[in-house]
Amino acid sequence: MAHIEIRNLEKSFGDTPVLRGIDLTIERGEFIAVLGPSGCGKSTLLRIVAGLEAHDRGHVLMDGRIVDGLAPKTRDVAVVFQSYALYPHMTVAQNLSLPLVMRDLTRPERLPFVRHLSGRVKRMRADIRGAVERAASLVKIEGLLDRKPAQLSGGQRQRVALARALIRKPALFLLDEPLSNLDATLRASTRAEIVQLQRTLGITAVYVTHDQTEAMTMSDRIAIMIEGRIVQVGTAREIYHHPTDVRAALFIGTPKMNLFDGIADCSAIRLAATGTVVTRAAGARDGAVQIGVRPEHIVLEPEGPGDAIPVAVTHLEFLGSEALVHVAVGEGTQSTPAIARLDPDVAETLKVGQTAYARFRPGALHLFDNDGKCLDLDGRRPLSSIPGPLDQDDAAAGAQRVVGQAMVGVRNAG
Ligand SMILES: Nc1ncnc2c1ncn2[C@@H]1O[C@H](COP(=O)(O)OP(=O)(O)OP(=O)(O)O)[C@@H](O)[C@H]1O
Ligand SMILES: [Mg+2]
């Protein structure tokens, strides 16, 4: 189990910077997901940590020791790639035993036709057979040991790749989108199995993915990576409720957080599209801001109080236990699309084309400046850190602090 520290890591391919100063600490036994869009540099980061790629600046430390320049095999790291990289001409058993054979036996000792084996080699081979059987049973492929990779399904190949990575009991387990070739059902069950394996074995793990569900369901913490930078590190819950950067806010949560252009004057934040005051904020600096609201934090009703925001209902999606209501806030070129997540019985009362009335739940607003950083409006505490309704303990306090502010609105649409 390794402690990993990545310090100010930089990497360019030619003139193109790919990693622009990555800092990340991974605790012993932690499962961390690196989540980001395609091309943001996730695989490059993983390859550098594995020692498969050289970096330009910064350091990688394992257990406090700088490992820059150390060959992959001396780092005690196992990697599982998206393409499982199994040897097609070898059986599953041979694929699994290979890392141990390469580590424990000399070149002549590896030859299968050597007849007179020393006691040591016999013991080694028996140990390796035992390890192969244990690894196979860990990922439930005991019955497949004599097959070749071509005779396996995608999911079975993926298990073989996992078992092969784990058989050496590495200190660090690196996984690069290992589930992307699996269908949705198999993905979901394998997610849980990988986490169980990692917990059972107590290995530190870094899991690279562009799939927020994988990151949120599997990891202890998530590092959100955008354009070669890590913009936020935290638990799924922390990033969901308290995003420090608008890009992190947009990457976590389905449907995405709604974003509205806003205008701050010295005492209030207004929706640019309608002029509605969404929160009073003493000390707000004048200028443009972005207002973020999660879909479940929009209350939508056919008839609203005078201070609600009039919106046009554009589309309804019934999903069984919930409904997504698509709306347009404001009119013409100023209009902004948004999605509210409602109880289906409430959504039932709405019709496409009608005007409905929206309010934002107290304590659930996120405000970002033009650079996408969360805004500290009152100079004491970022508004985005005011607890959302799911933080039960603080909900009442949060609601009291903002109630009557976020809900202030004007009726201005015809
Ligand atoms: N060997 C290379 N030579 C030149 N450019 C490269 C090389 N490897 C990666 N890149 C570029 O670096 C950027 C980051 O690539 P990387 O594979 O790390 O992204 P990623 O986040 O893993 O993307 P994906 O989710 O699609 O796998 C991309 O723009 C890619 O084209
Ligand atoms: Mg990649």
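Would it be correct to say that R147 is among the basic types (K, R) and crowded, with 18+ Cβ neighbours inside 10 Å?
no
Of the residues making up region 171-193, those that are small (G, A, S) and either part of a helix (DSSP H, G or I) or within 16 Å of ligand 2 (Cβ to nearest atom) (or both) are S180, A184, A188, S189, A192.
Checking every residue in region 376-398 against the condition of being at pLDDT 50 or above and among the aliphatic types (A, V, I, L, M) gives at least one match. A single entry from V34, V80 fulfils the requirement of being within 16 Å of ligand 2 (Cβ to nearest atom) and within 30 Å of L144 (Cβ to Cβ): V80. Based on this model, can you work out whether G332 counts as small (G, A, S), over 22 Å from T254 (Cβ atoms) and either in contact (Cβ under 8 Å) with a residue 60 or more places away in the chain or touching a strand residue (DSSP E or B) at 6+ places or on another chain (Cβ under 8 Å) (or both)? No. G69 satisfies every condition listed in (1) within 16 Å of ligand 1 (Cβ to nearest atom); (2) surrounded by fewer than 15 Cβ atoms within 10 Å (Cβ to Cβ) except (1). On inspection, Q151 does not qualify as at negative phi and in contact with a Phe, Trp or Tyr (Cβ under 7 Å, 6 or more places away or on another chain). If you go through region 289-311 one residue at a time, how many are closer than 17 Å to A328 by Cβ and assigned to a helix (DSSP H, G or I)? The qualifying residues number 1.
Can we say A50 is in contact with a strand residue (DSSP E or B) (Cβ under 7 Å, 6 or more places away or on another chain) and away from ligand 1 (no atom under 16 Å from the Cβ)? Break it down stepwise before answering.
Numbers: in contact with a strand residue (DSSP E or B) (Cβ under 7 Å, 6 or more places away or on another chain): yes; away from ligand 1 (no atom under 16 Å from the Cβ): no.
It is false that A50 is in contact with a strand residue (DSSP E or B) (Cβ under 7 Å, 6 or more places away or on another chain) and away from ligand 1 (no atom under 16 Å from the Cβ).
Residues of region 49-77 that are within 16 Å of ligand 2 (Cβ to nearest atom) and small (G, A, S): A50 alone.
In region 26-52, the residues that are of a type in the set (S, T, Y) form Cβ pairs under 7 Å with partners that are outside any helix (DSSP H, G or I), at six or more places apart or across chains, as follows: S38/H210; S43/D176; S43/V208; T44/K11; T44/V18; T44/L19; T44/E53. The one condition from (1) under 18 Å from T336 (Cα atoms); (2) modelled with pLDDT of 95 or more that A272 does not meet is (2).
The values are calculated or read from the model by the stated rules, or taken from the named source; none is laboratory data. In this text, all values refer to a predicted model and were calculated from it rather than measured experimentally. Note that we place each Cβ from the backbone using ideal geometry, even for glycine, and neighbour counts take in every protein chain shown.
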